[in-house]
Amino acid sequence: MSKSKEHAHLRFQAVVIASQLPDNTAEALLVLDYARHLVVEFWDDSSGVSDSVSGTLETQPLAPTCVRGRFTVQ
């Protein structure tokens, strides 16, 4: 698969995921932070598979904290 078709497929997947996010921007970004954290944990537990798509340095996702029964990102 060519790079442009691969990236088009990834963008399509992003649209599918984004369509399922909450309408509230802050909540949508929090959901994405949770999802990113899950992905990072999954790959960290895997057998050394590296991210070959972006080639960029990935940062640790923001850890959500619970404040008065609601989760927030600091």
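Once fully extended, how much extra length lies between Ala28 and Gln13, figured as 0.36 nm per residue of separation less the alpha-carbon to alpha-carbon distance?
My answer for the length gained is 3.8 nm.
Keeping all protein chains in place, calculate the accessible area per residue for region 1-42 (probe 1.4 angstrom), answer in Å².
81
The values are calculated or read from the model by the stated rules, or taken from the named source; none is laboratory data. This structure is a prediction, so every number in the text was calculated from the model and none was measured. Remember, those area values only see protein heavy atoms, side chains included, never the ligands or the DNA or RNA. Shrake-Rupley method; radii C 1.70, N 1.55, O 1.52, S 1.80 Å.
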